[in-house]
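Here's the structure, in structure tokens; my notes come after.
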Amino acid sequence: PSGGQSWITSYFYQQANEVGVFLTFTRGEFANLAYKDLLSQRDAIDEELGIQIDWKSDGEKHKLVFKKQFPNVRARENRADVKEFFSDTVNRFVNVFRPRLQRLVENE
């Protein structure tokens, strides 16, 4: 939802030859509520996503992550696979999390 309280980030971590996508939130009441609500739907979310994400929380900062290793994230021969990873994963995250977060905002 708009308002900058949650967002999806795509990243390259060249040193680890890793690429990933994560959903995170600004710290605070909305983040805690959203993470708790999403966590209560974890089985349905995992099934809809069709990928195994990591659910991470230290009690204040919450993050849902999917990452993948490549032999070399910058190599030309991996470029198409990396692009496909980002395209597919970001699309999954948007389709699964946006409506849930939007409903949460509307019911606040």
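Quick rundown of the values:
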read-out	value
Among LEU64, ALA31, GLY20 the positive-end extreme of the charge dipole of region 15-73 (Cβ point charges)	GLY20
Loop-exposed trypsin sites (Lys or Arg not before Pro) per DSSP, neighbour cap 15 Cβ within 10 angstrom, longest uninterrupted part of the chain	75-108
Relative contact order %, the chain, counting alpha carbon pairs below 8 Å whose residues are six or more apart	32 percent
Neighbour cut-off at most 11 other Cβ (10 Å), DSSP loop, GluC sites (Glu not before Pro), region 1-104	GLU60
Local electrostatic count at GLU108 - Lys and Arg +1, Asp and Glu -1, tallied over other residues with Cβ under 15 Å	0
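Since every read-out is calculated from the coordinates, none of them should be taken as a lab result. Keep in mind that this is a model prediction, so the values were computed, not measured. For neighbour counting, all protein chains shown are included, and Cβ atoms are generated from backbone atoms with ideal geometry for every residue, glycine included.
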